[in-house]
Structure formats: C-alpha cells, structure tokens
Amino acid sequence: MHFENQPHIPPATPSGSIASFTSMDTPHRAKKHRGSYNCGRCGVPKKGHVCHLPPSTTTTPTQTPTDSSVSVSTSTSRPPPPSRQQHSNLRRALSFDDTDLRCESSDIEIDESELDLFDSGSGKLPVSCMWEILRRLPPEGLLAAARVCKGWRETARRLWRAAEELRLTVPPRTQLVFVGSLLRRCTGLSRLSLRSESDLDATMLACIAFSCPNLEVMEFSTSETLVNRITGDELGCFVANKRCLRSLKMEGCSNLGGFVLCSSSLSTLWLSDLYCLSKMVFNCPNLKEISLDFSRQENESTDLIAMVDGLGRSCPRLQNIHVASFRLSHATVLALTAANLRGLRMLSLVFGTEITDASVAAISQSYSKLELLDLSGSSISDSGIGMICNVFPGTLSRLLLALCPNITSSGIQFATAQLPLLELMDCGMTICDPSSQNPTCDESGDFELQMTFKNKLHLIYQKLIIKHSRLKKLSLWGCSGLDALYLNCPELNDLNLNSCKNLHPERVLLQCPSLESVHASGCHRLLTGAIQSQVSNNLDAMENQSPHKRLADGSKRVRVPLFLSQQPCDEDKKRRRIGSRPCKVLVD
C-alpha cells in the first residue's frame, strides 16, 4: 500500500535514532495547537504552506549494522530476515499478549480526539491500521518512524510501553547506551532474552537491572567463542536486587568462581559451563527447577556432595533437577536421597560414570513418583532397568539411558513392556559394536580388557522388538550393534536411527502409522530406501483399507463388495487424508 504524502524515513543509527527521537520538540512545535501538523515532504508547518518538493514515491528505510533482532514469543524461532524493501513482508518486532494487539484494550485505548494525530503523512489511516503497521517494524525502524510526525511518535511510544517480551540480539561494537535506551522505552517489560555477540560483563548486567525494574524472566546466551566475564558476586547482587525475578537462564558461566543466590521469588535457575566453583549457596525457598551444567575439563573440582546437601536444606520445593558433570558418583546420589525432596518429579544425572545399579536402588527407595529419569552416561545395567520398571510403572513417562554401554536390547525391550505410560525413550549409543571401539588387542594389552572384549562379542548384531501403545519418540542413534528392528507403535511420530550402520534393510519392520520423521543420517542407502518404502506402504495401506464381513457360519472373512459400502468408504478416505501426514526420512 502506497500513499502520495508518505514521507521518506531516513536510515536509523543507534546514536542518531536516539538523538532524533528525543529532540523533536522544536520551537514551531512548542507553539502548535491540537489539529495542526507538518508537511509530509519538507517538514515545514502545513498551515499556509505550499510545498515545492515533488511527492516521494518510495520508502526504503535501510538497516543499520547494529541490528537488534526481536521476535514474538508466540511464533516459532526464525532466522533474521534480509533488509526490508517496499513490498517485503514485515516481521513482528515487539511481543504482546492477545489483549494488547487490539486498540480496544483497556491499556492502550485511543479516544476519538486523538484521531487527527494520524492525518500527517499517513493518508488518514484508521488508528487500528496504523497500530498494526508500526507494531511489525524492527526496533530501529520503529525509532525512525517516531520521527515522522506527532501521531507516529505517540503510537510508537505506546507500542514500546505495551511490550511485555523482548528478544534482543546485540551485535559486536554496539553501544551500551543504545541498548539501555531500548530497554527504558519498554516500561512494561517482564521477559527479556538477550543474545550477545560480544563479551558479556557486569556493565550489561547493571544496565538491565536499571532499565527493567519489573523483570520476571531473564535469559543470557552467548556464542562459543565469546567470554562471559560476570562473576559470582555480581550475579548474586543482580538476583538479590530483582525482587520480581522468577526465571534466570545464563550460558558461559565459567568465571563465576563461587556465588551466593538469595531470592524469595526465583523459581527457575539454569546455569551452564560452570567450572571449579569454590562455593554454591542457594537461599531460594521457592526454587522449583534447577539445571547445572558443569565443564567437561578433567581438572574440574566442584564439590557436588556439598552442593546437593545445600539444595536439600534451602530449596525444599524442588521438582526438577538436572546436573551434568563427570564428578557425579554414588556418594552424590546418596546425598540427594538424604535431602528428602518430597516434590521431586524429574531427575537428570548425566555423565556420571560412577552411578551404578546401587544408585538406581537408592533413587527408587527415596523418590517413587518420578515422571522423568535421565541417567545418560552412567554404568547401570539391565538389572537397574528392572528396578526402574518395578518402582515407576504408574508414573514414569520419559526414560533416557543414552551412552550406557552395559545395557542390552533385552533391557530396552523389558522397559517398554513394563512401563505402560512411556512416551519418550532415548537409548542412543547403548547397543554398540565392540569391534568398532576396540579394533585390535595387542599381545601386551591388559588381560582384563581382552576378557571384557570377548564377553561382549555376543552384543553384536542384536535384534530389538518393541510394541507399545503410547510411545511417541524413540531414539536409537549410534546403536551400531543393532541388526534387526521391529516396531509396532501406533502413536510413534519421531524415530532416530542415525549411525545405525549394521541395521539390515530386510530385517526392519515399522508398523507405525503416525510416523512423521525418521532420522537416518550415516545409514546405508539400502536401509534408507527400505524405510522410505515401508513408510509409504503404511500410508497406502491406511488409505486402501476396505471393510470386511464374516460369513454366516463365522468361518472366514470376505471382502464386502464395493457397491454395498461406497459412501462410507469414501468418507473414511477423506478423513484419513486429512488426518495423515507424509513421513519424512531425514538423511543429512
């Protein structure tokens, strides 16, 4: 849509946009009365003015290098779009609830006396149309639009004020003043997701604390090559000062050193890349979910037993616990069971090679209402799976046992048969080919290693048979010791067979009508072709089903003639076409 009197919006820069946005009160505007406006071409007051400039035909605002990409919370994540042209699809920049999208909302009502604010340069658009157009601009475009006229500036101000969630990407060499100016405009901001493409320090943390007084959800993310220089004392001060903060997620916490977190409102805490923490104090009585991901370096020396003891004393309402560390051991599990967290529903202890079947027994005795159990990277065996099946048959819906070399296909089959509520199961790198891990054993090798290799030769070329009525996601990635696979899961929609190199194409049977995606990267072409043919045959079989009827003596079933049931058969076909989706076999 194009209007003749539409002004040209100059490109916005971080410094120029703020300066021009705040310096709009000229002497002429100070003397204006309600109803007068400026020329849309040259900016001179319109009253008694004849413009000598030709009408502008295009509006092509350019995008500055300091792009701040923002997306809406209700939409899925998408890559940053290219520079917008005249007829390009506008993307949403600010996030609103459903009540804030319309001008009838009580927070953003505009009375009829303000309709004349939109006459300048907008072709007398309705207020609702102007609102919907401006709310789809990126932040720098919205700053530039605020310089067009008084009506646009007022609408932009209300848009900033109505924003509740902001997803901001800070490119390198971006001035901190520009980020602070954006945050201060969003007076109602409660959820902030910040991705920094430069080193993160306490200055940015102080800017957020000052600009967002009512912040409830905070997420920090950085790239792998950048450094997060925030220390534990600075993080503790930030959490203590934000009285409304409910969720905090931060990546790259390698320089914390130690921290003391005190908050009565914090309920979710995610910290990753932790390294050699001298102290960890959690004084958060309302904390319900915690995720601590430690560094994979060998010299990592955090005392996890003391950390778990502190969590049991100061965080009695914990429901979800995730800890990923090579230092997880049976002693850590015993400390966790002694904490007596009665509300615990999800437990994830990853990369603990010293976690054994005895640890599973301790967990089963203390926490019998778990809905998710993740023991990936542990040393449990089929006996541990038997304990899990005996204790959690009525609650467990997600079981993750990836990177557990002592588990066989018999244990996996037993778990799927004894857990009726199971919806997700991850068994990646469990049924592996020992010859690929230990190709040769020289004469000077350890005798015990040779005996272990000989005892595991029976693990090669195992078959797996799973029949489950509620299983939706199954992951068998890296199971190179798997030779045959038979699945009868009507609700299964996602199957991961990446790097299943020894799976024979003629020994694969997939009876999964709801299957939507099959991951087969690293598999042979014959296997991917067999999977594709079976998936397509399952879809055709669903569409070509015809009704059957028994004879009078009940001896056998015969196909009902088509003319006797033509209409119901067509209706069933239409329903199946609408409900069924083609399955995708993902190779790369």
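The values are calculated or read from the model by the stated rules, or taken from the named source; none is laboratory data. Because the structure is predicted, anything quoted here is derived from the model rather than measured. Reconstructed Cβ throughout: ideal geometry from the backbone, glycine too, with neighbour counts over all protein chains shown. Ligands, DNA and RNA are excluded from the accessible area calculation, which covers all protein heavy atoms including side chains. Shrake-Rupley method; radii C 1.70, N 1.55, O 1.52, S 1.80 Å.
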> Only one residue in Gly352, Gly394 is at pLDDT below 95 and either open to solvent by 20 Å² or more (accessible area, probe 1.4 Å) or in contact with a strand residue (DSSP E or B) (Cβ under 7 Å, 6 or more places away or on another chain) (or both). Which one?
Replying inline: Gly394
> Within segment 483-507, which residues are open to solvent by 40 Å² or more (accessible area, probe 1.4 Å), of a type in the set (Asp, Glu) and over 16 Å from Arg398 (Cα atoms)?
Replying inline: Glu506
> Mind checking which residues of segment 255-283 are hydroxyl-bearing (Ser, Thr, Tyr) and open to solvent by less than 20 Å² (accessible area, probe 1.4 Å)?
Replying inline: Ser263
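Filter segment 189-205 down to the residues that are under 19 Å from Phe238 (Cα atoms) and either part of a loop (DSSP other than H, G, I, E, B) or without any contact (Cβ under 8 Å) to a residue 12 or more places away in the chain (or both) and list them by number.
To start, the set of residues in segment 189-205 that are under 19 Å from Phe238 (Cα atoms) comprises 189-196, 199-205.
Leu189, Ser190, Asp199, Asp201 - these are the residues of segment 189-205 that are under 19 Å from Phe238 (Cα atoms) and either part of a loop (DSSP other than H, G, I, E, B) or without any contact (Cβ under 8 Å) to a residue 12 or more places away in the chain (or both).
Yes or no, residue by residue, for (1) in a loop (DSSP other than H, G, I, E, B); (2) closer than 23 Å to Gly236 by Cα; (3) of a type in the set (A, V, I, L, M, F, W, C); (4) without any contact (Cβ under 8 Å) to a residue 12 or more places away in the chain:
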position: Met130; (1), (2), (3), (4): no, no, yes, no
position: Val148; (1), (2), (3), (4): yes, no, yes, no
position: Glu154; (1), (2), (3), (4): no, no, no, no
position: Leu159; (1), (2), (3), (4): no, no, yes, no
position: Phe178; (1), (2), (3), (4): no, no, yes, no
position: Ser181; (1), (2), (3), (4): no, no, no, no
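So that you can scan it fast, the table gives a plain yes or no per residue for (1) touching a Ser or Thr at 6+ places or on another chain (Cβ under 7 Å); (2) open to solvent by 10 Å² or more (accessible area, probe 1.4 Å):
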{"residue": "Ala362", "(1), (2)": "yes, yes"}
{"residue": "Glu371", "(1), (2)": "yes, yes"}
{"residue": "Asp382", "(1), (2)": "yes, yes"}
{"residue": "Ile385", "(1), (2)": "no, no"}
{"residue": "Leu401", "(1), (2)": "yes, no"}
{"residue": "Ile407", "(1), (2)": "yes, no"}
{"residue": "Thr416", "(1), (2)": "no, no"}
{"residue": "Leu419", "(1), (2)": "no, no"}
> List, please: which pairs have Cβ atoms under 6 Å, are six or more places apart or on different chains, and start with a residue in segment 307-329 that is over 10 Å from Ile290 (Cα atoms) and end with one that is open to solvent by 60 Å² or more (accessible area, probe 1.4 Å) and among the charged types (D, E, K, R)?
Replying inline: Arg317/Lys288; Ser329/Glu354
>> Given the criteria over 19 Å from Cys244 (Cα atoms) and touching a helix residue (DSSP H, G or I) at 6+ places or on another chain (Cβ under 6 Å), does Ala162 qualify?
In response: no
> Only one of these conditions is not met by Arg158: (1) open to solvent by less than 10 Å² (accessible area, probe 1.4 Å); (2) under 30 Å from Pro45 (Cβ atoms). Which number is it?
Replying inline: (1)
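Just to verify a result, which residue in segment 231-255, among those that are under 13 Å from Glu216 (Cβ atoms) and touching a residue at least 24 places away in the same chain (Cβ under 8 Å), is nearest to the chain's Cα centre (by Cα)?
The residue in question is Lys249.
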